[in-house]
Amino acid sequence: MLNKAMSNDPSQLVQLDAGNAAAESPAHSVVEKKALFGLDAEQLKELMAGLGEPAWRGRQLAQAVYHQRVADVEAITTLAKSLRRRLAEAGWEVGRARIAQVFRSIDGTERYLVECGGALTVETVWMPEGDGGEAGDGSDSGNLQGRDAEPLGAPPFPRSSAERMGSHKSQPESARNAIAVAEKGGQNWSRATICVSSQVGCAVNCQFCLTAKLGLQRNLTAGEIAGQVVSVLDRQGVEVGRDRVNLVFMGMGEPFLNYSSFMGAVRLLVSEVGLSPQRMTVSTSGIVPGIERFAEEPAEMRPKLAISLNAPNDEVREQIMPINRKWNIEAVMDAVRQVKLRPRERVTFEYVLLGGVTDRPEHAHQVARLARRTGLPVKVNLIAWNPGPGILYAMPAAGSVEAFRATLAGEGIATYVRRPRGRDIFAACGQLKRTVER
Ligand code: SF4
């Protein structure tokens, strides 16, 4: 549940309403705040039944919270005023994750600080036109007019302004939404990708990742994970069912170390919000018990799977991903083979190219051999490493990304290059660290 509190830095983040309300209310009227957002339709029905209301009122609540994206109980006009008042008196609020701050990249990417209780925020990223990582994965989500991948070095999505948005603290949500839509000048993207966080920080400690510097601070709840998505859909005026929006669970955290909440969020997003699991991809560093659990999920509720491989062999992988000492590449692949893939579906290997460490020509051949050895339909997404403060790796040399891609492609492995998005605002892969620029 979202608690309401101030950030460490009040000049940068928004103080939330409920904390104030609790402080200002007379002691006798203070009630514990409870979030509707995060409850599924059954739980909402039970809640209504507990208030002596018919079960279909729960469906109305779900419609309001997840479809109409109403953010305030008082604004749920499908419920009688007296019922809204009773809900509020019982401490119920919508309690959806709220965007506290927005950073906009020159390439149109937006990075959001999203409040999730206490002084903690997580980061969520909106990438108009995606980053090419969606291509060739067996769904139609990334393929435009038969084109599978963006060519290396493709120009960024054109946007007019390099303006940093700053805090929207003084604006009501409706005004912010209106501004967002106006800023888009109508819808000037044909598809988009939202990168979602599953934990505050991360315990996996990949050596090339800024998020790892935070350590694990807290797991997010299912409502907090799904709330990031709905808040961004709302801000961008996305019409579910019409607009092509992909989700990647590749933000802060390791989703498979917060499995129940992650899958709880997926169920909310599929069943209540109406998004397709075939437009969702979850990336894991290789948490074998999580992959095995994931293999048991029904196809109609299962996102696609990406393995954050990042190395051509165990020796290199252990250096840059200590988790490999617990579950090596072979153990991970054994688990992945248990996932029953849908027709045309492929498993993605995400591969970060670190200059001189993972980007050598022989590494490309090793990755191709590894991919073939798995016997799985795979594709490889190459990501040129994004620099971050305090991380002592180098970007791959000019030309080595294309050479790596060409080698893999030459060996018959479907390979795509993810375009870096939002580097200037620390929104790119591996850069999410609750960074607050001034
Ligand atoms: S790359 Fe992913 S799993 Fe690894 S430390 Fe960063 S957030 Fe965690």
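The values are calculated or read from the model by the stated rules, or taken from the named source; none is laboratory data. Nothing here was measured: the structure is a model prediction, and the numbers come from that model. Glycine also receives a Cβ, built like all others from the backbone with ideal geometry; neighbour counts cover every protein chain displayed. The protein model used for the area step is the full one, side chains on, heavy atoms only, and it has no ligands, DNA or RNA in it. Shrake-Rupley method; radii C 1.70, N 1.55, O 1.52, S 1.80 Å.
See the values below:
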read-out	value
With every protein chain in place, region 302-385: carbon and sulfur % of accessible area (1.4 Å)	49
Accessible surface, 1.4 Å probe, highest first, among residues H363, H67	H67, H363
Value of Rg/Rh across region 237-374 [Cα atoms, Kirkwood radius]	1.00
Accessible surface ranking that places the most exposed of R346, R419, R373 first, with a 1.4 angstrom probe	R373, R346, R419
Net charge of neighbours whose Cβ lies under 13 Å from the Cβ of V240, counting Lys and Arg as +1 and Asp and Glu as -1	0
Chain lengthening between W56 and A409 when straightened (0.36 nm per residue, less Cα-Cα)	121.7 nm
Cα-projected label distance for R218 with Q319, points at 7 Å along beta-carbon direction, nm	3.8
Gap separating the Cα centres of region 369-394 and region 37-52, nearest whole Å	44
Rounded accessible area of K81 (nearest 10 Å², 1.4 Å probe)	140
Largest-first ordering by accessible area, 1.4 Å probe, given options V200, V357	V357, V200
Entries in K34/K81; K34/K213; K304/K326; K304/K379; K33/K213 that, when Cα-Cα distance is taken, lie over 21 Å	K34/K213; K304/K326; K33/K213
FRET efficiency, A397 to Q68 (Cβ-Cβ, R0 51 Å, nearest 0.05)	0.50
Length added when fully stretched, E32-A75, from 0.36 nm per residue minus Cα-Cα	13.4 nm
Average accessible area per residue (Å²) across region 269-347 - probe 1.4 Å, nucleic acids and ligands excluded	40
Computed lengthening from R344 to A299, 0.36 nm per intervening residue step minus Cα-Cα distance	14.9 nm
Per-selection Kirkwood Rh - region 345-413 (Cα, Å, 1 d.p.)	12.5
Within region 283-326: Cβ-based charge dipole about Cα centre, in debye rounded to nearest 20 (Lys, Arg +1; Asp, Glu -1)	100
